Amino acid sequence: MAEHLPVRLELQGLLHGNNSCPPERMGEDMLTLSTCQSFLPAEMLSSRIATIYPNDGNRTAFISFTPYINTTMSKFNFALHHVSLLVSDTRKALDFYHDILDLPLANRPDMGFPGAWLQVGGQQIHLLELENPDPTTGRPAHGGRDRHFAMTADCIDAIREHLDQAGITYSLSKSGRKALFCRDPDGNAVEIIQRGHEPQAAES
């Protein structure tokens, strides 16, 4: 289960004078991990972090806050839980997602058909070994021009090296972001983005 950290958004100026915030960063909007009422998964905090300034005495850290992130929630408080993908062979799919991408397996109940669940931070990927009504061939060469899901990672260069060693082909983001697109054995497109380079609008 993903670690949940208490968070509080503090607006510009409120952190002035705190010794944990270097002078050159004062005046920026900051996000404070401290004792408060609201909670977010740790993965959400890492999406646009530039620098973390820890204060180990009271487990408080100051993180640069990116204003473009829309923190407005639906009135129903929706959150993404999982993505389901149709696969023709669960073992071959796990060769890609578990063995190559190193996504850990999650407990899966008996669904009456083969498959697997994988953990991605606080969310999951559900592999369903069922008949696929959609074509798996003839899809766009660039996954960014096809339906896909996206994950973030610490270093895209390390991912590229790992994919190269595994013989997995990929294409880089057309927008110039630090991101790549690859496909699993069934042609499902996967985008991997280096944290701090998430799209601010529709990009591929």
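What does the charge add up to near Lys92, with Lys and Arg as +1, Asp and Glu as -1, over the other residues with Cβ less than 15 Å from its Cβ? With Lys, Arg at +1 and Asp, Glu at -1, the net is -4.
Shown is the FRET efficiency for Asp134 and Leu80, computed with R0 = 22 Å from the Cβ-Cβ distance and rounded to the nearest 0.05: 0.55. If you plug the beta carbon distance of Asn107 and Ser175 into 1/(1 + (r/R0)^6) with R0 = 35 Å, you get a FRET efficiency near 0.40.
Report the full-extension gain for the segment Glu161 to His142: residue separation times 0.36 nm, less the Cα-Cα distance, to one decimal in nm.
Computed gain between Glu161 and His142 is 4.9 nm.
First check a/c for the stretch 75-154, with a ≥ b ≥ c the square roots of the eigenvalues of its C-alpha gyration tensor; if it is under 1.5, answer rounded, and if not, answer prolate when a/b is larger than b/c or oblate otherwise. Since a/c stays below 1.5, the shape of the stretch 75-154 is classed as rounded. Positive contributions from Lys and Arg (+1) and negative ones from Asp and Glu (-1), summed over other residues with Cβ under 14 Å from the Cβ of Thr136, come out at -3.
Applying a DSSP loop filter and a limit of 15 other Cβ atoms within 10 Å to the GluC sites (Glu not before Pro) in the stretch 107-182 leaves Glu131.
Throughout, read-outs are computed from the coordinates displayed, never taken from laboratory work. Please read all numbers here as calculations on a predicted model, not as lab measurements. Glycine also receives a Cβ, built like all others from the backbone with ideal geometry; neighbour counts cover every protein chain displayed.
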